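J.: Sharing a structure here in structure tokens format.
The values are calculated or read from the model by the stated rules, or taken from the named source; none is laboratory data. Only a predicted model underlies this, so the values are computations on that prediction, with no experimental measurement involved. In this analysis, Cβ positions are derived from the backbone assuming ideal geometry, glycine residues included, and neighbour counts consider all displayed protein chains. These accessible areas exclude ligands, DNA and RNA; they are computed on the full protein's heavy atoms, side chains included. Shrake-Rupley method; radii C 1.70, N 1.55, O 1.52, S 1.80 Å.
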Amino acid sequence: MDQEITVLPGGPGLDADLHLPAGARGMVVFAHGSGSSRRSPRNVLVARELQQAGLGTLLFDLLTSQEERRDAVDASLRFDIGFLTDRLTAVVDEVVARPQLAGLSVGLFGASTGAAAALGTAAARPGVVLSVVSRGGRPDLAPEALPGVRAPTLLLVGSLDRQVIAFNEQAAARLPAEHKLSIIPGATHLFSEPGTLEEVARQAADWFSRTLPPAPG
């Protein structure tokens, strides 16, 4: 099933792309970084790899068009992790209530600032979010959430993204659940180097396939 849907239709009404392969074992909700959208080519590539691994994916716009215009002027939302976390948590709550997605275990894939929101949502919904993958994430922006994360968490960082490596090392030390920090050789923050994003996708698919329990039946 491939659908363009609207999430939070009773609120901000956010555009989203839902892909649900037959017999999906779980659903991964994506949270993009600042200045990006659900059409991020990096997240789309990762989503395709997850789909081939039998996982459903939901890519949505964290901000409305009006919010995007405001943020482009004053950058007031891109680092408002509380706002982004509340937005992502509301989307997760709505998605798990949809009949066609009932029973699917939920994972989160967050990039850059979206990773901070993903960790915040994982801490807020420990019985719902069962796995997290962060790509070039900024977990340092969600310090209060880290001790509350119960979901197995994979932190993926490029070897040339040295400051973000330090942020992730410090965050990993505060995560009480199963976690792994994986350094992708030769990659910078955006994983634009040949083969590096494909390695991100492969490791993410392996992580979600191992840590997301299959749907009942």
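J.: Could you order the peptides 57-65, 203-211 from most to least packed, using the average number of other C-beta atoms within 10 Å per residue?
T.: 57-65, 203-211
J.: How would Met27, Met1 rank on accessible area, largest to smallest, probe 1.4 Å?
T.: The most accessible residue leads, giving Met1, Met27.
J.: Here is a follow-up. Karplus couplings for the stretch 65-71 from phi (6.51 cos²θ - 1.76 cosθ + 1.60, θ = phi - 60°), rounded to Hz, Gly and Pro as x?
T.: 4, 5, 5, 4, 5, 5, 5
J.: Quote the accessible area belonging to Val73 in square angstrom, nearest 10, computed with a 1.4 Å probe and with ligands, DNA and RNA left uncounted.
T.: 130 Å²
J.: If you roll a 1.4 angstrom probe over the protein chains with everything in place, what fraction of the accessible area of the stretch 1-122 belongs to carbon and sulfur, to the nearest %?
T.: The C+S portion of the solvent-accessible surface of the stretch 1-122 is 49 percent.
J.: Which value, in Å² rounded to 10, gives the accessible area of Ser105 with a 1.4 Å probe and all protein chains present?
T.: Per-residue accessible area (Ser105): approximately 10 Å².
J.: Another one. Please report Rg over Rh for the stretch 132-217, where both radii come from the alpha carbon positions and Rh follows the Kirkwood definition.
T.: 1.00
J.: With every protein chain kept in place and ligands, DNA and RNA left out, what is the accessible area per residue of the stretch 35-129? Probe 1.4 Å, answer in Å².
T.: Here the residues of the stretch 35-129 average 40 Å² of exposed surface.
J.: Hey, could you pull the Cα Rg and Dmax for the stretch 1-80, both in Å?
T.: Reported Rg and Dmax, both Å: 13.7, 44.
J.: Same structure again: Cβ under 12 Å from Val7's Cβ, Val7 left aside: what net charge do those residues give with Lys, Arg +1 and Asp, Glu -1?
T.: Charge balance near Val7 sits at -3.
J.: Which one, Leu160, Pro139, Gly103, projects farthest toward the positive side of the charge dipole computed for the chain from Cβ point charges (K/R +1, D/E -1)?
T.: Farthest along the dipole direction, towards plus: Gly103.
J.: Whole Å is fine, so just give me how far the alpha carbon centre of the stretch 66-80 lies from that of the stretch 156-179.
T.: 27 Å
J.: Using the Cα gyration tensor of the chain, with a ≥ b ≥ c the square roots of its eigenvalues, what is the shape: rounded (a/c below 1.5), prolate (a/b larger than b/c) or oblate (neither)?
T.: Since a/c stays below 1.5, the shape of the chain is classed as rounded.
J.: At 222 nm, what helix-only mean residue ellipticity would the chain give, in deg cm²/dmol to the nearest 500, using -39500 (n - 2.57) for each DSSP H run of four or more?
T.: Dividing the helical sum by the residues of the chain leaves -11000 deg cm²/dmol.
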